[in-house]
Every structure is written in structure tokens, then in C-alpha cells.
1. Over the chain, what is the relative contact order in whole percent, taking alpha-carbon pairs under 8 Å and six or more residues apart?
2. How much accessible surface area, in Å² rounded to 10, belongs to the heavy atoms of ARG47 with a 1.4 Å probe?
3. Write down, largest first, the equivalent ellipsoid semi-axes of the chain in whole Å, where each equals the square root of 5 times an eigenvalue of the alpha-carbon gyration tensor.
4. Give me the one-decimal nm value for the distance between modelled label points at ARG76 and GLU30, 7 Å along each residue's Cα-to-Cβ direction.
5. If you take every residue apart from ARG47 with its C-beta less than 12 Å away from the C-beta of ARG47, what net charge results, scoring Lys and Arg +1 and Asp and Glu -1?
6. In terms of solvent-accessible area of protein heavy atoms at a 1.4 angstrom probe, what is the ranking of TYR40, TYR75, highest value first?
7. Please list THR80, THR31 in order of solvent-accessible area, largest first, computed with a 1.4 Å probe with all protein chains present.
8. Helix-only estimate, please: 222 nm mean residue ellipticity of the chain, summing -39500 (n - 2.57) across DSSP H runs of length 4 or more and dividing by its residues, to the nearest 500.
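The values are calculated or read from the model by the stated rules, or taken from the named source; none is laboratory data. Since this is a predicted model, take the numbers as computed values, not measurements. Reconstructed Cβ throughout: ideal geometry from the backbone, glycine too, with neighbour counts over all protein chains shown. Remember, those area values only see protein heavy atoms, side chains included, never the ligands or the DNA or RNA. Shrake-Rupley method; radii C 1.70, N 1.55, O 1.52, S 1.80 Å.
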Amino acid sequence: MTELSNELSIELPVGLPIRLSKELSKGLSETAANIFKLIYADNYITRGDIAKKVNISVTAVQKHINKLKSLRFIYREGSTGHGNWKVIE
């Protein structure tokens, strides 16, 4: 888990930590916030890699990603195999 904590200590741009904090107070899970931070740190990260780092199933990762998409934190550009994540600031 050391690898995960290092990746989660990244500095987010001004505004994103406030927005993330507001959503956490409204019920966004800590897991979803951690997944967002992993995507922010590496926008080419796969769902499988996220699942391994957060220690949850790929299906659970998808559920959290769907929530982040609905809150307009991220979107996917390109195909599943060759695309990348975009963070909406």
C-alpha cells in the first residue's frame, strides 16, 4: 500500500481540492476520491491497475468512475484500450 499513499499525496490544482472536499461532505466515498487522485496522477491508468492499487474489484472501480463522471470530475477521451482520462477543472 505504500505505492498508493505516495500517489495520493499529489498536489491537486487550486479549486479541485475544495470541490472534492465539498463532494466528500455530500457523500462521495473516500474510495472514489482516491480513484480520482490516481486518475489525476496518471491519466492513462487502467481500471485494472486502479482496482489493484485500491484493492477493490474492477466492477467496483467502474461504479466509482461512473459517480465521478456524473459529478463532472472526469471523462474518457478515446477508446477503452487506447484512450485516456481527462480531468475537468
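1. Numbers: 77 pairs, mean separation 23.3, N = 89.
This gives 26 percent for the chain.
2. 60 Å²
3. Values: eigenvalues 64, 47, 36 Å².
In descending order, the three semi-axes are 18, 15, 13 Å.
4. Distance between label points: 2.8 nm.
5. On the way: positive: LYS52, LYS53, LYS63, ARG76; negative: ASP49.
It works out to a net charge of +3.
6. Details: TYR40 70, TYR75 100 Å².
Reading off the accessible areas and sorting them downward yields TYR75, TYR40.
7. On the way: THR80 110, THR31 45 Å².
The most accessible residue leads, giving THR80, THR31.
8. Details: 5 runs with 50 residues, N = 89.
Rounded to the nearest 500, the figure is -16500 deg cm²/dmol.
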